[in-house]
Amino acid sequence: MGNFWAFILLIGPLIFIHELGHLIAAKLVDVKATRFSLGFGPPLARLRLGDTEYCVAPIPLGGYVRLLGLTPGEHIPPADADRALTAKPLWARMFVLGAGPAANLLLPILLYFLYFLTLAPTAVPPAVIGTVVDDTAADQAELQQGDRIVAIDGEDVRSWRDMSKRIAEAPGQELRLQIERDGERIDRVVTPQKAMHRNPLGVATPIGRLGVLRRFYAPQIGVIDADSPAYTEGLRTGDVITSINGEPVRTIEELERMLDVTGDGLVRLTYLRAESVTGPFGSYLYYESAHAQLLPRKDDDGLLSTGLLPANAFIRAVDPGSPAEQAGIVAGDRVLAIDGVAFAKWEYLREVLYSKQQTAVTLSIQSVGQRRPRTVEVAQALRTWRDIYKQDRESLWFGAQSYEKWTLAPPEPIRGRFTYALASAVEETGSVIAMIWTTLGQMLTFERGIDELSSVVGLFDVAGTAADQGIDEFLILMALLSINLGFVNLLPIPILDGGHLLFFIIEAIRRKPLGQRAREISFAVGLLVILLLLLIAARNDIVRYWL
């Protein structure tokens, strides 16, 4: 029953809004609407206002509007001849028939607006840099950890999302960033590096990359040299340094700077080590504090070193059966380079793997106590998983995770919440429309198969799942479905609104309407196509959800 009412609440308003769009448009151009029904079936209650009978019917799956002159061969009383749809100018007929899909395409703006205004978090991540990735546009522009980006090309930046969007839209373009650092504002000129990004549909597009992360990485260390002072004193990969010579340490960058200034002097440090503990409420991590004293000594390169390294490029865990395990990578290994390019942050490795997709890469790996690194070749695998809506998803699988203990700058209240909600709603609606348009193109070019089609059978299950997730998830699903409904009705298939619009376009080209017989045949073919697609979609849903 929960799924049933969720389904009714999801699909009913969308069809109602669609038909309401037709009704309002018809009223505006004086096309007679004989009936507007909320629901289907014999009317349970009816009220006549003017020329239109408004009904409530027992099947709450939307509604319909009956327009005079819409049905081929319909008898039109002579007194209403000038108010029939067929008697109106071509632009008026297109306006009335297009108003239904248009209402479905505009409704998501309202739904997303309500979501961002009332349900979305009231605070957003600020545009504060947590980490600057080496050899990136940000590094070349000398951006620093803790910098706040307050403006780009003179326009205010209100959040990390806002900043990321503007950077992504400007690959290879010179931008002027205004930075707030230590209470002062300074300008920096930066050119985002061009990178290829694949959207959820697999389409690659160029975007700009600045090379900054929100994350402030904790001073978590890795130890690879078994003869180093750190290893000898008992420190191990994964330990978190909390102080150096009595001074607190907050980030890995601070730790590296503090170790640099100690020179050959004794380093007194405090660190935390996580131990897994099983208690009455399950397993949890217990962090125990310890102390150590390290006297730096020369490493194999003749440089003074304590043996402490950033843990970010160390392997924390390897998935069983993964490509990483098959390549011989084990927990505790340090990844030094990929395809001959040395790096210090895991994000660089992730970016290269993403760009290579399933192409093999060569990694330089060093294990604890190993003097010389070894090389391994590994190619990511494509694996399929099923989300909460029982939709099959694909993702690349490397199978190795790094040490990534981090914190974030605290979120800040949204400035201009109303305008933020409206702008986000328009942006989100446009993004979904663009994605559906791409999906439609991929189906027409056979890049996607008909096995991805879904029907009301699947929608019944999806509606219940979304309702279980909360009203925010339900609103987002309704917005997505409304856009889909608008697009489907615009398809140039007779019996759909798009089919009628196609006839109007043909009429404009021929300067006369199609004949009655041609329209009847077209409607029959259109009905056959729709029924065939519905059967295929229903079959897909039965296999996906019930078998």
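The values are calculated or read from the model by the stated rules, or taken from the named source; none is laboratory data. As the structure is a computational prediction, the values presented were derived from the model and not from experiment. With ideal geometry, Cβ positions are generated from the backbone for all residues, glycine too; neighbour counts draw on all protein chains shown. Accessible surface is based on the protein model in full, side chains and every heavy atom, while ligands, DNA and RNA are left aside. Shrake-Rupley method; radii C 1.70, N 1.55, O 1.52, S 1.80 Å.
If you go through the stretch 51-72 one residue at a time, how many are over 43 Å from the mean Cα position of the chain (by Cα), over 18 Å from residue 504 (Cβ atoms) and either open to solvent by 50 Å² or more (accessible area, probe 1.4 Å) or modelled with pLDDT under 85 (or both)? Please lay out each step first, then the result.
Taking the stretch 51-72 and keeping what is over 43 Å from the mean Cα position of the chain (by Cα), we get 51-53, 68-69, 72.
When the remaining residues are screened for being over 18 Å from residue 504 (Cβ atoms), the result is 51-53.
Now narrow it down to the ones that are either open to solvent by 50 Å² or more (accessible area, probe 1.4 Å) or modelled with pLDDT under 85 (or both): 51.
Result for the stretch 51-72: 1.
This table checks each residue for (1) modelled with pLDDT under 95; (2) more than 34 Å from the chain's Cα centre (by Cα); (3) part of a strand (DSSP E or B); (4) not aliphatic (A, V, I, L, M).
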{"residue": "206", "(1), (2), (3), (4)": "yes, no, yes, yes"}
{"residue": "224", "(1), (2), (3), (4)": "yes, yes, no, no"}
{"residue": "231", "(1), (2), (3), (4)": "yes, yes, no, yes"}
{"residue": "235", "(1), (2), (3), (4)": "yes, yes, no, no"}
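Is it true that residue 460 is farther than 20 Å from residue 97 by Cα, aromatic (Phe, Trp, Tyr) and open to solvent by less than 50 Å² (accessible area, probe 1.4 Å)? Taking the combined requirement at face value, the residue does not satisfy it. Those strands (runs of 3 or more DSSP E) of the stretch 347-401 in which at least 1 residues are over 18 Å from the mean Cα position of the chain (by Cα) and within 21 Å of residue 197 (Cβ to Cβ), considering only elements entirely within it, cover 361-366, 381-386, 392-397. Restricting the first member to the stretch 406-426 and to residues that are closer than 21 Å to residue 132 by Cα, and the second to residues that are modelled with pLDDT under 90, the beta-carbon pairs closer than 9 Å and six or more apart or on different chains are 411/121; 411/122. Within the stretch 522-546, being hydrophobic (A, V, I, L, M, F, W, C) and under 22 Å from residue 90 (Cα atoms) holds for one residue alone: 523.
The listed residues are 18, 22, and the only one of them that is surrounded by 15 or more Cβ atoms within 10 Å (Cβ to Cβ), under 28 Å from residue 431 (Cβ atoms) and more than 30 Å from the chain's Cα centre (by Cα) turns out to be 22. What do you reckon, is residue 12 part of a strand (DSSP E or B) and either of a type in the set (Gly, Ala, Ser) or touching a residue at least 60 places away in the same chain (Cβ under 8 Å) (or both)? Spelling it out, it is not the case that residue 12 is part of a strand (DSSP E or B) and either of a type in the set (Gly, Ala, Ser) or touching a residue at least 60 places away in the same chain (Cβ under 8 Å) (or both). The residues of the stretch 260-276 that are among the hydroxyl-bearing types (Ser, Thr, Tyr) and exposed (fewer than 15 other Cβ atoms within 10 Å of the Cβ) amount to a single one, 276.
Only residues that are over 21 Å from residue 348 (Cβ atoms) and among the basic types (Lys, Arg): list them for the stretch 177-210, please. Answer for the stretch 177-210, where residues must be over 21 Å from residue 348 (Cβ atoms) and among the basic types (Lys, Arg): 181, 185, 188. Of the strands (runs of 3 or more DSSP E) that lie entirely inside the stretch 280-341, those containing 1 or more residues that are farther than 24 Å from residue 217 by Cα span 282-294. Going through (1) open to solvent by less than 70 Å² (accessible area, probe 1.4 Å); (2) in contact (Cβ under 8 Å) with a residue 60 or more places away in the chain one by one, residue 371 falls short only on (1).
Listed by first and then second residue, the pairs linking a residue in the stretch 215-237 that is without any contact (Cβ under 8 Å) to a residue 24 or more places away in the chain and open to solvent by less than 30 Å² (accessible area, probe 1.4 Å) to a residue that is in a strand (DSSP E or B) and among the charged types (D, E, K, R), with Cβ atoms under 7 Å apart and 6 or more places separating them unless they lie on different chains, form an empty list.
Within the stretch 491-512, residues that are more than 15 Å from residue 529 (Cα to Cα) and touching a residue at least 40 places away in the same chain (Cβ under 8 Å) sit with their Cβ atoms under 9 Å from residues that are in a loop (DSSP other than H, G, I, E, B) and among the aliphatic types (A, V, I, L, M), at 6+ positions apart or across chains, in these pairs: 500/70; 507/514.
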